[in-house]
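Have a look at the structure below, then the notes.
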Amino acid sequence: MAKTTTGKAQRHAREAIDEASTALARAKKATASLSAKQARRLDDYVGDARSAVDVSKKKIPRKPRKVAHDAERAARRLERAVAKAVARAERKARLRESARRAAADAERAEREAAERAAEAKALRKAARRAQKEAARAELDSQAADEALVAELTSSGAVEAAGPVEAARDAPVAEEPAAASERTDLAALTVVELRARARAEGRTGYSRLTKSQLIDLLS
């Protein structure tokens with residue numbers, strides 16, 4: 001009976017040694033993905049497991065229970081330490097990746113904001129340029145109208161403002177006269193119609209069409 005119990009204890013001890021050896025192999029594979037600093041933190045656990053695996057063959061028959069206990073304990077401690085080290089390394093890797101993505105997102109947002117600011121600046125510049133061009137065109141149009149008024153006035157084609165005011169206050173002519181006046185106005189160009197409107201002291205004529213100018217002057 002004693003021999004049977006001793007035999008079981010020795011088999012248990014060898015199984016524990018095999019378990020510690022397996023834990024060492026797993027630790028070696030796992031620590032390959034760790035940094036040197038992280039791997040060094042496992043040195044004590046690895047050393048205990050190696051001591052349990054490299055136990056003297058003479059010690060197994062003499063103290064099988066102690067051998068088994070030491071091997072099982074070393075294997076458990078090594079496996080727990082490796083699991084924690086790997087978890088810490090993975091957590092740090094996730095944090096680094098999150099930080100990298102956050103930095104990339106911030107850089108992209110800053111670049112897009114700069115592009116939008118540049119686009120808005122270009123639009124404002126284009127709007128100011130368009131306003132200046134419109135003002136210059138209006139001045140050119142007014143200058144042309146004034147020049148035409150002066151030319152027509154000097155040639156007697158347009159009456160002075162006084163008679164025009166008197167004509168505007170006079171009674172309304174008969175229908176044939178109004179039709180004749182519209183016909184005369186229709187024979188004029190837009191520039192000439194604007195010049196006449198200016199001479200009569202009218203306002204808001206610069207953007208009217210020819211038909212609208214004729215209605216204004218009729």
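The values are calculated or read from the model by the stated rules, or taken from the named source; none is laboratory data. Since this is a predicted model, take the numbers as computed values, not measurements. Virtual Cβ from ideal backbone geometry, glycine too; neighbours counted across all protein chains shown. Side chains included, ligands, DNA and RNA excluded: accessible areas come from the protein's heavy atoms. Shrake-Rupley method; radii C 1.70, N 1.55, O 1.52, S 1.80 Å.
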Selection over segment 21-38 where residues are surrounded by 14 or more Cβ atoms within 10 Å (Cβ to Cβ) and at pLDDT below 90 yields a count of 4
Quick check: anything in segment 52-59 assigned to a helix (DSSP H, G or I), without any contact (Cβ under 8 Å) to a residue 12 or more places away in the chain and open to solvent by 80 Å² or more (accessible area, probe 1.4 Å)? no
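Every residue, every condition in (1) part of a loop (DSSP other than H, G, I, E, B); (2) under 20 Å from L139 (Cβ atoms); (3) at pLDDT 80 or above; (4) of a type outside the set (A, V, I, L, M, F, W, C), yes or no:
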| position | (1), (2), (3), (4) |
| --- | --- |
| T153 | no, no, no, yes |
| G162 | no, no, no, yes |
| A167 | no, no, no, no |
| A173 | yes, no, no, no |
| A177 | no, no, no, no |
| S180 | no, no, no, yes |
| Q212 | no, no, yes, yes |
| D215 | no, no, yes, yes |
Residue satisfying all of: in segment 182-203; of a type outside the set (A, V, I, L, M, F, W, C) and not in a helix (DSSP H, G or I); nearest to the chain's Cα centre (by Cα) among these: T203
May I ask you to list the residues in segment 39-51 that are open to solvent by less than 70 Å² (accessible area, probe 1.4 Å) and more than 25 Å from H69 (Cβ to Cβ)? A39
Filtered residue count, segment 87-130, keeping only those that are aliphatic (A, V, I, L, M) and over 17 Å from the mean Cα position of the chain (by Cα): 10
Do we have T189 as modelled with pLDDT of 85 or more and of a type in the set (V, I, T) here? yes
Only residues in segment 81-93 that are of a type in the set (G, A, S) count as the first member; pair them with residues that are at pLDDT below 95 and open to solvent by less than 40 Å² (accessible area, probe 1.4 Å), Cβ under 7 angstrom, at least 6 apart or cross-chain, and list the lot. A81/L42; A85/L34; A85/Q38; A85/L42; A89/L34; A89/Q38
